[in-house]
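The values are calculated or read from the model by the stated rules, or taken from the named source; none is laboratory data. As the structure is a prediction and not an experimental result, all values here were calculated from the model. Cβ coordinates were reconstructed from backbone atoms using ideal geometry, including for glycine residues, and neighbour counts include every protein chain displayed. Heads up: the accessible areas ignore ligands, DNA and RNA and are worked out on the full protein's heavy atoms, side chains in. Shrake-Rupley method; radii C 1.70, N 1.55, O 1.52, S 1.80 Å.
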Amino acid sequence: MRKSQGTPDQLAKEIDDIRRHNSLLESENQSLSDLMLEMARFKTISDSAEQGNVIVDPGGKIVYINDYFARKHGYTPDELPGRNLSIFHTAKQMETVDKINRSMARNGRYGPLEVEHVHKDGTEFTMLMNAIALNDRNGKTEYFAASAIDIESWKQAEKNRALHLEFLQNLDLINTVIQTSTDLETMMSNAMKTVLKIFGTDRAWLLYPCDPDADSWSVPMECTSPKYPGALAQGEEFPMTEEHRALCKRALEANDVIAVNEETDDKLNSVQSQMHIAIHPRTGSSWLFGLHQCSHTRDWTGEEIDLFRQIAHRLSDALSSMLLFRNLQESEEGFQSLANASMEAIFFTKDGICLEANQVAVEMFGWKDRSEFIGGFGTEIIAPESHDIVRKNMLGGIMEPYEAVGIRKNGSKFPISIRAKTIPYKNRGLVRATAIMDITHEKAAEKLLIAEKEKTLNYMELANVMFIAMNKEGTVTLANRKACEILGWEKEDIIGKNWFDDFLPVHLRKTVKNVARQIMQGDLEPVETYENPILTKN
């Protein structure tokens, strides 16, 4: 300690200076202590934060880096201080880094900005960064502090959401195409055009049948790009080769999408890559639905395969509906053709109400149009005197033909023959199919025949000769008045007996029976006279 010299005032001044100096030292020591404490607190908070923090000097050398920032890049915090921040930047991001540096020099800050970073293993990912300049008391930049978060998972989630939205939009597009199509061919054509556009391929096609045991196959529908026209034989039948047989067999066994990413062996059709799946409508054989990429080999993504699978399911459902509708339509058209070509009036009724009728019914009953029958009761075409028998036979399910009286719209009546059967029909369940024939001519002929028969019987009764009629077995079916007189029996005693056994002598029965048999069979010409004795009552 130096010895003080001077006046008492000078000495007092020196003492005050010493005290003041000590006080300043104590204050600076406290500030440094507080600063160190704050730095420790910052480091603790920063190292536990779920965001990256890094401090670099103006040259980009890392002064401080927290655990998150280091770990996201594949390092430990101890590996990075002293290294340049550029180790995190990809070559293609240097233009972005220059933009950041200019923004920092001009504004003292930048961000938030998406920046591509590179991991220690070489993989790239995206970080969202903010940065600010740290200046000294004179306003000169000493350091740059940056914070960052890894948004790769966010970007992937956003990408997935976009892909899912596109997936749903494409499915909705296919659904709209299917639902607005009015026939099978239009539906297939519109669906193939839409699929070609969605996937950006060179061909979209349907092959039928997807059956290795079939003798032939065809392409019911195909949509292609102009450069790769495809089969150019839509609907034409081709023989089932071993190549197509194997294709169908693999598709049926897989029962899922088969995606061929590398070049295929199909050089004839210029196929580089393809994707196909067997679809199974609820009627008929399976189909094969496929895509061809001809311009280049293609690596089908999981999203594309899943979309293709879902479209195939919707096509399968649409084909089921369209094929069932077409089959029903064809069967209805066939029914109408057959029904209209019939000579009988045909009706379909349920619970007594008419569901359908053919054109013959219109003409037979004198109505204007078939639609007039629809919704009406069957009794409207039956005369009142036949209501009971028709109702009884309907309730009893009688299938044998029976006769009744029909009535036309103008009130005139005519004889009809009715036969009916309960059958399944369309989607109406069990219905009563009824066929009615106008038997006016048959009845007139029958009436004429009866009249002629009666006239003949009258002639026979007046004739002075014996008339006997018999069936093939010899049973007497008719005898006139003269026969009764000669045989000595009443008519009822003669009819029903066997002519050979009851009215011929025993020794002649076999001979006469044989002659009659030969005549009936056509083995012997009929004779005008044949003499033999007969047995009378006495």
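Look at (1) of a type outside the set (Lys, Arg); (2) open to solvent by less than 50 Å² (accessible area, probe 1.4 Å); (3) in a strand (DSSP E or B); (4) free of Cβ contacts under 8 Å to residues at least 60 places away in the same chain and you find that residue 411 fails only one, number (3).
A single entry from 516, 451, 445 fulfils the requirement of being surrounded by 17 or more Cβ atoms within 10 Å (Cβ to Cβ), of a type in the set (A, V, I, L, M) and assigned to a helix (DSSP H, G or I): 516.
Inside segment 260-291, residues that are open to solvent by less than 40 Å² (accessible area, probe 1.4 Å) and either more than 14 Å from residue 311 (Cα to Cα) or at pLDDT 90 or above (or both) make up a count of 18.
Being on the phi < 0 side of the Ramachandran plot and in a loop (DSSP other than H, G, I, E, B) holds for only one residue in 423, 398, 436, 416, and it is 398.
Residue count for segment 378-394, restricted to those that are open to solvent by 70 Å² or more (accessible area, probe 1.4 Å) and within 20 Å of residue 356 (Cα to Cα): 3. Once segment 60-94 is narrowed to residues that are in a loop (DSSP other than H, G, I, E, B) and among the hydroxyl-bearing types (Ser, Thr, Tyr), the residue that is farthest from residue 50 (Cα to Cα) is 90.
Within segment 100-113, being over 19 Å from residue 140 (Cβ atoms) and touching a Phe, Trp or Tyr at 6+ places or on another chain (Cβ under 8 Å) holds for one residue alone: 100.
Take segment 187-237 and flag every residue that is among the aromatic types (Phe, Trp, Tyr) and open to solvent by less than 50 Å² (accessible area, probe 1.4 Å). Correct list: 199, 205, 217, 228.
Within segment 479-499, the residues that satisfy the criterion of being assigned to a helix (DSSP H, G or I) and either among the charged types (D, E, K, R) or open to solvent by 10 Å² or more (accessible area, probe 1.4 Å) (or both) are 481, 482, 484, 485, 486, 491, 492, 493, 499. With respect to (1) open to solvent by 80 Å² or more (accessible area, probe 1.4 Å); (2) closer than 24 Å to residue 70 by Cα, the lone exception for residue 150 is condition (1). When 533, 526 are screened for being open to solvent by 80 Å² or more (accessible area, probe 1.4 Å) and either part of a loop (DSSP other than H, G, I, E, B) or at pLDDT 90 or above (or both), only 526 passes. Across segment 422-436, a minimum of one residue is classified as surrounded by 12 or more Cβ atoms within 10 Å (Cβ to Cβ) and more than 41 Å from the chain's Cα centre (by Cα). Condition check: in a strand (DSSP E or B), in contact (Cβ under 8 Å) with a residue 24 or more places away in the chain, over 54 Å from the mean Cα position of the chain (by Cα) and under 16 Å from residue 55 (Cα atoms). Does residue 110 satisfy that? So residue 110 fails the test. Note on segment 102-112: residues that are surrounded by 13 or more Cβ atoms within 10 Å (Cβ to Cβ) and out of contact with any helix residue (DSSP H, G or I) (no Cβ under 7 Å at 6 or more places or on another chain) amount to 6.
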